[in-house]
Structures are given as C-alpha cells and as structure tokens.
Amino acid sequence: MTRSGEPVGRDYSLTGERAALAVSLGLADGEWYRPPIDPDRLRELMTRRNGPAIRDTALWILLLAVAGALAFVALGSWWVIPAFAVYGALYGGAADPRWHENGHGTAFKTRWPNDVVYMVASFMLLREPTLWRWSHVRHHSDTIIVGRDPEISFPRPFRFGSVLPNYLNLVSGPQMLTRMVKHAAGTIDEDTREFVPEEEFPRVIREARVFVLILAAVVVWCIAIGSIVPLLFIGLPSFYGVWMVWFFAITQHAGLNEDVLDHRFSTRTVYMNPVFRFLYLNMNYHLEHHLFPSVPYHALPKLHEEVKQYLPPPKTSVRAAYKEIVLALRMQRNDPDWEIPGREVPDSASFRLTATTISSSSLAMSTAVAAGLETLTDLGPVNSVLPGQVKRIDIDGRTYALFRTRRDIYALSDGLCTHGRGHLAEGHLDDCEIECPKHNGRFNVLTGAAVRRPAKVPLATYRIEVVDGRLFVALPANSGSVSDAAS
Ligand code: FES
C-alpha cells in the first residue's frame, strides 16, 4: 500500500525488477499449453485463402469511403458529428484487427497484400510498423507476463484515470507520436531497444520519418487552407476513432491472470454478432488465436469447434464479458492479486501436444551406408508424408522437420525455429515455405533461408535421397539413431 492507502502498482516496464523476475522464474519464452488437435485438421485450418480477405478488406474500404464522403457532404451541419463518428470508428478502430491479422501474414494467401494493408493500418493507428511487429512477437511469446509483454493494456491495480483517456488515445497517442518523432530524429528509446533487434533500427527510423512526413504534410495543408478538415480525415481519426479498438480489445485479456504459461488463464473468447465479428475480424476467438496464431481469422470459428472442450467456456456475449471485466477491474483496483473466481479450465495434465510425429516403431533404424563423415538415415517410405505436409522426426534426441511440397519435392530441416524454438512441424507449409506456428516467421525449406521476420537466422537443411521408394537423409556420422519423438 502507498501512504494514501492505494495499493502499490506492479512494475510493467520491460527493464525493471519484474522483467528480471520473469526471466529467473522461467516465464520468459516459456513452453505454453496447446490443446490436442488432429494434425491434418489443423493443417486444413491453417490453409490461406485470398477470397475472404479480399471481400472483407474491400468492404471495409468501401464503408470508409462512404462514411468519409458523407462526412464531407455534412460539413457545416450537425450531421457532421455522426458521420465523422462512423468514419473515425472505421479508420481508428476497425483498422486495428486489420493491422493485426495482416501483421501475422495470415489475412491473404498472397504475401504482398498482407504487407500493404499492414503498412496502411499501422499509419492509421500511429503504430510504427517494424516496432509494433516486434512488440507483437513479444506479446505472443510472453502473453500477459509482467515485465515481458509490452502490450498489457490493463495493468493492476486498474486506474480509471490512466486507461479511460485512452478511449480517445489521449495518453498513448501523444506517447506514440513523441516516440515516432524521436525515432524519426534517429534516437531509439530504451523500451524499443529491449525487444527490437539492433539491425532493425534503420528500418524503424525510416518508417518513422515517412509517417512523420505524411502527418506534417497534412498539418501544413490545414494551415495553408485555414481549416482543420484535412486533419479530421487523416491524423485525428487515430484519436477520436480509437474507442472502438478498446471496446473490443478490453475483452481479450483484461482482468485475467498474469504470469501463467497457459493462455486459457490469461485470454478470453467471447461470442459476438456478425457485425462485430466483421469489424473485429473474428478476433473475439482470441484464445484460439493465441493458441494457434497461424490459423487465419476466417477459420477461427471452426478452430473453436475443434478445441473448445479443452478450453474454458467462452463468454456468451459482449455484455457477459464486460460484466466479468468490470467486476475484476473493480476488485483488482483494491487488491491487485484478486483473480476471477470459478473460471473453469479443463485439466491440461493428461494432454500433451501431439505434433505429427514419427515413432521409432514406424521407422527403420538408420542405415550407415555412407562412407566418411555422413551416414544415410532411413526416414521411411515416401508416402509417410503426404504432398503439402510437414512431419516431425526425432533422431538421436534432435528434432527435424520433414517436408513434402505439393510438387513432390522432399526436404528436411532442423525442426525448431531459429527465432524462438517453435516446432516447425506444427507450422503451415505454403509451397516451399514453412511458417513457424509461434510468431509466423517463415523459412524456405529447400535453402533454409529465413524469408519472413521475425525469423532471421537461416535454418539448417539436409539433403534427402529417394531410394527404392524410401526417403534417406545424409546426416553427420554421429547422428542417425531414430528415437521415439514422443518420449
Ligand atoms: S519462434 Fe518466433 S518465428 Fe518461430
């Protein structure tokens, strides 16, 4: 307690005591619970499609254009208020889930539209694209871990004064703008240094300069014509429209447990009506999204059906979610350690992640036929992995991923992502690229090259040979004993 009787706030900074504590307790980059799911079904759900994203993005842009046109026509009348309210919500609010989904690279099957929408939405939200990409990577690695997660929006104890002004971006907005200006001037702040790799700093600076230039041009335009109207369309909606971000985002984690390596305790799924689900791009299935971030937004309702028996019951409406959140925030205002009672989380002890795994019994033991430094290890018949699939294999205690592309090219790589040790066999294979299930980084499975951030370090790959309908891999001579991957 403070002298005034207020409970002491937790230290949410990324460089403070709680950050060190989280590391020492093994909460940083920890192993998280994932419910069992049939690997083939998961693969199906992870399939990318352009259709839904084209439809939903086009509709969003159309609504934005119509609301903008109405606002323009209504200038000078009272109708301008509702028109700008709608425009602002679509600009500063509905941009958030678009930013999020395209940032994951899961909205479109084709990569470039993801990048374009991500950039545009980042500007609309005043979020520096590279900085926020890394921030979100950390949010997924260390969800609601105090001192590690830079995206904890409802710190304990809850203070109305520090959160409510953010419904108009009055606290975060100026902070983001200040940081952006600093970055544009070439100064990288401490928090950014904490989670953005140094080699990304030039890109952070470049992007900040472009965003600052655009905003400055709009201000100059306003001054030149003696009117605030241009800013009402570009810039200010990032403030007056942000309430919609919070309207939805509060349902994600607010009031739930901190410092638990199980998203079921820290993340909430809420059933919402179709209009909300369009605006929010199905992020109401937030728990499922955290469990399987490689599943695109349009497949989340189906994913929910697959795994819901392992998850706490979802909130049945926004109203029900708000009821729980308001109670939790009120209680945590006086007692930061208060937790929501009666949250039913099915026991996870009997479940374990079931990646597509080859057991020792399904494989012949290694065949040391090669001379010199390499042995050929028998990985089984060619049809042990189907076209477009990836399979985990453990050999001598080391994990590999065996790929078969849709064009029947076989490849083997190390099985753990070079970024944060995500199991690549649980990822989405898109032609010759494997997408890591943890943060959506990508590798070319033939060359091992890291082709999408946050993955940067190449993956080790191994030569596959097909002999008499069986797959063999050349491995260093001391490898080759295939062990049970599930043990
Ligand atoms: S673990 Fe981060 S991209 Fe793979």
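The values are calculated or read from the model by the stated rules, or taken from the named source; none is laboratory data. From a predicted model like this one, the values you see are computed outputs, not experimental measurements. Neighbour counts are summed over all protein chains in view; Cβ atoms, including those assigned to glycine, are modelled from backbone coordinates with ideal geometry. The accessibility values were calculated without ligands, DNA or RNA, using every heavy atom of the protein model including side chains. Shrake-Rupley method; radii C 1.70, N 1.55, O 1.52, S 1.80 Å.
Considering only region 179-210, how many residues are touching a residue at least 24 places away in the same chain (Cβ under 8 Å) and either of a type in the set (Gly, Ala, Ser) or assigned to a loop (DSSP other than H, G, I, E, B) (or both)?
Total satisfying the criteria: 4.
This table checks each residue for (1) over 15 Å from the mean Cα position of the chain (by Cα); (2) more than 27 Å from Gly88 (Cβ to Cβ).
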position: Gly241; (1), (2): yes, no
position: Val260; (1), (2): yes, yes
position: Phe276; (1), (2): yes, no
position: Met283; (1), (2): no, no
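Against the conditions (1) touching a Gly at 6+ places or on another chain (Cβ under 9 Å); (2) more than 23 Å from Leu327 (Cβ to Cβ); (3) open to solvent by 60 Å² or more (accessible area, probe 1.4 Å), where does Gly241 fall short? Just the number, please.
(3)
Which of the strands (runs of 3 or more DSSP E) found entirely inside region 391-438 contain at least 2 residues meeting this: more than 16 Å from the ligand (Cβ to nearest atom)?
Numbers: elements: 398-404, 410-414, 428-430, 433-435.
Counting at least 2 such residues, we get 398-404, 410-414.
Out of region 392-413, which residues are under 24 Å from the mean Cα position of the chain (by Cα) and either without any contact (Cβ under 8 Å) to a residue 12 or more places away in the chain or open to solvent by 30 Å² or more (accessible area, probe 1.4 Å) (or both)?
Arg392 - this is the single residue of region 392-413 that is under 24 Å from the mean Cα position of the chain (by Cα) and either without any contact (Cβ under 8 Å) to a residue 12 or more places away in the chain or open to solvent by 30 Å² or more (accessible area, probe 1.4 Å) (or both).
Give me the residue from region 450-476 that is modelled with pLDDT under 85 and part of a loop (DSSP other than H, G, I, E, B) and, out of that set, nearest to the ligand (Cβ to nearest atom).
Looking at the filtered set, the residue picked out is Arg463.
Only one of (1) over 22 Å from Leu42 (Cβ atoms); (2) within 13 Å of the ligand (Cβ to nearest atom) fails for Thr447. Which number is that?
Against the list (1) over 22 Å from Leu42 (Cβ atoms); (2) within 13 Å of the ligand (Cβ to nearest atom), Thr447 comes up short only on (2).
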